[in-house]
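Take a look at the structure set out below.
The values are calculated or read from the model by the stated rules, or taken from the named source; none is laboratory data. Keep in mind that this is a model prediction, so the values were computed, not measured. Neighbour counts are summed over all protein chains in view; Cβ atoms, including those assigned to glycine, are modelled from backbone coordinates with ideal geometry.
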Amino acid sequence: MKITPVWLDHPPVQAVIAALQAAGFESYFVGGCVRNAVLGIPATDIDIATNAHPDQTTAAARAAGLKAVPTGANHGTVTVVADGQGFEVTTYRRDVATDGRHAVVTFADSIEEDALRRDFTMNALYAGAGGQVLDPAGGLEDLRSRRVRFIEDPVRRIAEDRLRILRFFRLHAWYGDKSAGPDPEALVAVAAAVDGLPNLSRERITAELAKLLAAPDPVQATAVMEQCGALGQILPGASARVLGSVVLLEATAGLAPDWLRRLAAIGGSDADLRLSKSAARRLQAVQTVTGLPLHEAAYRHGVESAWDAAIINAVLARQPLHPETTGIIMCGAGARFPVAAGDLPALSGKALGKCLRQLEARWIASEFTATRAHLLAERFAP
């Protein structure tokens, strides 16, 4: 078959392909960009595979007036920059040794060898400059059937890199056929290897989990993760039981999928992951905001955290969202306390701070209806 994605004819994309071909080397688009093009959905990255070795890729790029950066030359990858856009160009490879976390690779001579070291058949699709698809691992049939299947022996593929367990569930959440469920052979191999997940770095686990929970509907994939023991290995004590309700309420409210909100709902902890500082603060704030009235949560913590509170509280109460949830959140997020320190000239220091906090609490309790005049009148009333 032939793919015709919008990115295929972009000048920077074709410039990189042309540079390699002008130097006498093969060059093919590979992986997610081809997979997504077959499905008719956008690609996030355009990756290229070639039989050129890194030094040859660099020379070919520079000869064509392009910039080459050796971002992973030891593993065969050079980032070629065309018109300000970077493309990872990687030499065909095959594994020499693996330990479940890292692989020792050597360069290969054909896409057939290169395909066999990849993880899933749907990720081992290649396409030439004109969009003609090459399928050395049988990925097209699996992709059309929405079946996430390991290349050849799933036990061996997982033993090479146990992160592929999480990638299996992530790809099923995004591309799998929910009515058919996960591939049975793959699932047996996954269940037998979950004990090795804690040996992976928290950074790699976090990255895969974030992508999984960001899927439009990760419910089935996460539930199966729990059933086979994978979820408990990476998030002890977490449960996928409420995830379906969270996904439904997000859709009802017109919200985009939010992986951090979903993580909080299932009981994920930043202690088990490697989150950014802002993500860790938001996750930790969930316990605070879910204990506050919604208008106060919005006022004190902003729109995003208020939605966390609204959805998680509704899920825990097994109730739909209040019809006025959006209005309450927007009102709270935009509210501004009307009293300032200058309104209390007789007070200073701790006494001033205490009085301002008391007045603010009354103002919040009034759901922001109490005016400055009313609050000050109450404060100075005999």
Write out, first by first residue and then by second, each pair whose Cβ atoms fall under 8 Å of each other, whose residues are 6+ apart or on separate chains, and whose first residue, in the stretch 103-123, is in contact (Cβ under 8 Å) with a residue 60 or more places away in the chain while the second is hydroxyl-bearing (Ser, Thr, Tyr) and crowded, with 18+ Cβ neighbours inside 10 Å. ILE111/TYR28; ILE111/TYR92; ILE111/TYR126; ASP114/TYR92; MET122/TYR175
Out of ALA309, ALA317, ALA298, ALA361, report the one residue that is within 30 Å of PRO257 (Cβ to Cβ), of a type in the set (A, V, I, L, M), surrounded by fewer than 12 Cβ atoms within 10 Å (Cβ to Cβ) and within 42 Å of the chain's Cα centre (by Cα). ALA317
Taking the stretch 104-142 as the search range and keeping residues that are surrounded by fewer than 16 Cβ atoms within 10 Å (Cβ to Cβ) and among the hydroxyl-bearing types (Ser, Thr, Tyr), which one is modelled with the lowest pLDDT? THR106
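Residue by residue, here is whether (1) assigned to a helix (DSSP H, G or I); (2) among the β-branched types (Val, Ile, Thr) holds:
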position: ILE329; (1), (2): yes, yes
position: GLY332; (1), (2): yes, no
position: PHE337; (1), (2): no, no
position: PRO345; (1), (2): no, no
position: ALA351; (1), (2): yes, no
position: GLU360; (1), (2): yes, no
position: ILE364; (1), (2): yes, yes
position: ALA373; (1), (2): yes, no
Could you go through the stretch 171-180 and let me know if any residue there is free of Cβ contacts under 8 Å to residues at least 12 places away in the same chain, among the polar types (S, T, N, Q) and surrounded by fewer than 22 Cβ atoms within 10 Å (Cβ to Cβ). yes
So is THR90 free of Cβ contacts under 8 Å to residues at least 12 places away in the same chain and either buried (at least 19 other Cβ atoms within 10 Å of the Cβ) or closer than 26 Å to VAL6 by Cα (or both) or not? no
Assess whether LEU248 counts as being among the aliphatic types (A, V, I, L, M) and either part of a helix (DSSP H, G or I) or without any contact (Cβ under 8 Å) to a residue 24 or more places away in the chain (or both). yes
Is it true that some residue in the stretch 206-225 is loosely packed, with under 15 Cβ neighbours inside 10 Å and more than 25 Å from ASP270 (Cβ to Cβ)? no
Tally time: how many residues in the stretch 13-33 are closer than 18 Å to GLN85 by Cα and buried (at least 17 other Cβ atoms within 10 Å of the Cβ)? 13
Evaluation of ASN199 against (1) touching a Pro at 6+ places or on another chain (Cβ under 9 Å); (2) under 30 Å from ALA265 (Cα atoms); (3) surrounded by fewer than 16 Cβ atoms within 10 Å (Cβ to Cβ) (one fails), failing number: (1)
Any residue at all in the stretch 64-71 that's at pLDDT below 95, within 30 Å of ASP195 (Cβ to Cβ) and not polar (S, T, N, Q)? no
If I go through the stretch 52-75 residue by residue, how many of them are polar (S, T, N, Q), closer than 23 Å to ASP9 by Cα and within 31 Å of the chain's Cα centre (by Cα)? 1
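Conditions (1) farther than 20 Å from ALA251 by Cβ; (2) assigned to a helix (DSSP H, G or I), marked per residue:
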position: GLY181; (1), (2): yes, no
position: GLU185; (1), (2): yes, yes
position: ALA191; (1), (2): yes, yes
position: ALA207; (1), (2): yes, yes
position: ALA210; (1), (2): no, yes
position: THR222; (1), (2): no, yes
position: GLN227; (1), (2): yes, yes
position: GLN233; (1), (2): yes, yes
